[in-house]
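Remarks on the structure that follows.
None of the figures in this text is laboratory data; all of them are computed from the coordinates on show. Since the structure is predicted, the reported quantities are computational estimates derived from the model, not experimental observations. Cβ coordinates were reconstructed from backbone atoms using ideal geometry, including for glycine residues, and neighbour counts include every protein chain displayed.
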């Protein structure tokens, strides 16, 4: 349905401190949220949009920095590489969200979404729909292929997890592009998805015109 956010939007939001658990990050505005579920990285352009593939439990976690070569240096320079404990918690939270999407368990998916993202989703729908909550709104925002792409991403491998305070970026591989990025935010002691879908960080070779 909605298109992926640009890396420029992601970087702009990171610079502004989006996704830190306040109302700004994960969902910059009602309009933003309609486009791509805001997150530290994606909120400037929008917070709820694409059904881009995402890593699921089947994927390995390589931590291979060479596999991220060609990514926007501003994203790669974000924060620091997560320590093993933080990395495990962040990746588990991301996978939990994506797995919920894969089986269309929107109530569970919403429980894994940052509060600010949920509020943004509520602002972009009619009052009658808003009253039904996030679990009713999310499937209206996501593309019809969201469940399929989430399942396909199960074989993806997490390359890097960058952390800065309460914000994190997960760089991962999945079908459809060479590299994706998903933004996460910490609420209390729990990590939550700060965007409803990942964004393409490095397009596939075909998309860039490479042979």
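Report the extension gain between residue 135 and residue 189 in nm, rounded to one decimal, defined as 0.36 nm multiplied by the number of residues separating them, less their alpha carbon distance. Let's see the in-between values first.
On the way: separation 54, 0.36 × 54 = 19.44 nm, distance 2.29 nm.
Full-extension gain reported as 17.1 nm.
Need one word for region 98-202: rounded, prolate or oblate. Basis is the Cα gyration tensor (sqrt eigenvalues a ≥ b ≥ c); a/c below 1.5 gives rounded, then a/b vs b/c decides.
Values: a/c = 2.13, a/b = 1.34, b/c = 1.59.
Oblate.
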Length gained if residue 74 through residue 148 is fully extended, taking 0.36 nm per residue and subtracting the Cα-Cα distance, is 23.6 nm
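Can you tell me how much longer the chain between residue 88 and residue 126 gets when fully stretched, taken as 0.36 nm per residue apart minus their C-alpha distance, in nm with one decimal? Each step should come with its number before you reach the end.
Details: separation 38, 0.36 × 38 = 13.68 nm, distance 3.79 nm.
Using 0.36 nm per residue and subtracting the Cα-Cα distance, I get 9.9 nm.
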Residues of region 151-187 with backbone N under 19 Å of the label point set 7 Å from the Cα of residue 105 along Cα→Cβ are 151-155
By Cβ neighbour count within 10 Å, fewest first, 182, 94 rank 94, 182
